[in-house]
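What follows draws every value from the coordinates through simple rules; no lab data is involved. The structure displayed is predicted, hence computed values, not measured ones. Because the Cβ atoms are built from the backbone with ideal geometry, glycine has one as well, and the counts that use them run over all protein chains shown.
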Amino acid sequence: GCRICESVCELGRIKIIKGKAVVDEVACRGCGACSAACPSGALQTRNYTDEQIMAQIREATREINEFPLVIGFLCHWCSYAAADLAGSMRLQYPTNLRNIRVLCAGRVNPSFVLEALRRGADGVLVAGCRLGECHYTIGNYCALQRMNVLSKLLVDMGFDERRLRVEWLAASEGEKFAGIVKDYVEQLKELSPIGSELK
Ligand code: FES
C-alpha cells in the first residue's frame with residue numbers, strides 16, 4: 001500500500017484499494033516496472049517473478065569458466081530482438097554473455113544486478129529499447145534512473161564503474177548489439193576478475 005507501484009504504472013493499471021495495491025490483470029501489459037520498484041517484493045510479474053529471474057542468475061553463474069563473464073538483462077522487444085538478429089545475421093561476437101530476457105528494461109530490479117555481481121559475474125549489461133521507444137512508454141526511463149543511482153552506489157561500494165553498462169537499441173540493430181558485446185568484453189578484460197573487488 002505504499003503507492004510506489006501506482007505512481008510507476010504509466011498506464012494506470014494499479015489502484016490502491018483499502019490500503020492494498022490491486023492490479024487490473026486484464027488490462028496490465030506486464031512490463032514489470034512496478035515489480036522492480038516495489039520495496040517489499042510484494043508485487044510480482046506473472047512469469048517474470050523475482051524468484052524466476054534470480055534462478056536464471058544463479059544458473060548463469062553456476063559455473064564460471066570464462067573471463068569476463070557478463071550477465072545481460074535484455075528487453076524482449078528491442079535489445080533481445082537485436083541479439084536475435086545478430087544471431088540470424090551470423091555476426092561474430094564473444095561468447096562471454098549470458099542473456100536473461102525480461103519484457104522491459106523497467107523490470108530490472110537493481111537487486112538483480114547486485115546478485116549477478118555477488119555471484120561472480122564480471123560485468124552486467126542492461127539493454128532496452130531506445131529512449132522514447134519503450135513498448136511500455138516509460139519503462140526504459142525507469143531503468144535509466146535506477147541504473148544511474150545503482151552505478152553511483154557501486155562506485156561508492158568500491159566497484160569499478162565499468163561493472164555495469166546500460167545500452168539502448170532498436171530491434172534492427174543487430175550489428176550494434178554485436179559491437180556492444182565485443183567492446184564491453186574488451187573493457188572488462190582490462191579489469192581483474194570481480195573476486196578481487198568483492199573482498
Ligand atoms: Fe524495451 Fe521497455 S520494452 S525498454
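Along its three principal directions, the equivalent ellipsoid of the stretch 1-76 from the Cα gyration tensor extends over semi-axes of 31, 12, 10 Å, largest first.
Give the lysines whose C-alpha is closer than 26 Å to that of Lys189, dropping any in the same chain fewer than 8 places away, or say none. Partners within reach: Lys152, Lys176, Lys199.
Looking at the stretch 1-102, the DSSP beta bridges with both ends there are about 40 percent antiparallel. Helix 174-189 axis versus longest C-alpha principal axis of the chain: approximately 60°, rounded to the nearest ten. Between the Cα long axis of helix 50-60 and the first principal axis of the chain there is an angle of about 10°, rounded to the nearest 10. Among the GluC sites (Glu not before Pro) in the stretch 4-69, those located in a DSSP loop and surrounded by at most 12 other Cβ atoms within 10 Å of their own Cβ are Glu25, Glu63.
Fully extending the segment from Arg101 to Val22, taken as 0.36 nm per residue of separation minus the present Cα-Cα distance, adds 25.9 nm.
A cut-off of 5 Å between modelled amide H atoms, ignoring neighbours fewer than 5 places along the same chain, links Ile100 with Gly72, Phe73, Leu74.
FRET efficiency for Ser7 and Val155, Cβ-Cβ distance as r, R0 = 35 Å, nearest 0.05? My answer for the efficiency is 0.80. Using the alpha-carbon atoms, what tilt in degrees (0 to 90, nearest 10) does helix 139-156 show relative to the longest principal axis of the chain? The angle comes out near 60 degrees. Modelled label positions at Gln52 and Lys15, each set 7 Å beyond Cα in the direction of Cβ, lie 2.7 nm from each other. Which percent, to the nearest 5, of DSSP beta bridges fully inside the chain are antiparallel? Rounded to the nearest five, the antiparallel share is 20 percent. Sequentially through the stretch 25-32, phi angles give Karplus couplings (6.51, -1.76, 1.60; θ = phi - 60°) of 5, 6, 8, 4, 9, x, 5, x Hz, Gly and Pro residues having no value and appearing as x. Residue-wise HN-Hα couplings along the stretch 87-92, as the Karplus relation 6.51 cos²θ - 1.76 cosθ + 1.60 with θ = phi - 60° gives them from phi, are x, 4, 7, 6, 6, 8 Hz; Gly and Pro carry x. With K and R counted +1 and D and E -1, the other residues having a Cβ less than 9 Å from that of Val23 yield a net charge of 0. Counting Lys and Arg as +1 and Asp and Glu as -1 over every other residue whose Cβ lies under 14 Å from the Cβ of Trp168, the net charge comes to 0.
Excluding same-chain neighbours fewer than eight residues apart, the aspartates and glutamates reachable from Lys18 by a Cα-Cα span under 20 Å are Glu6.
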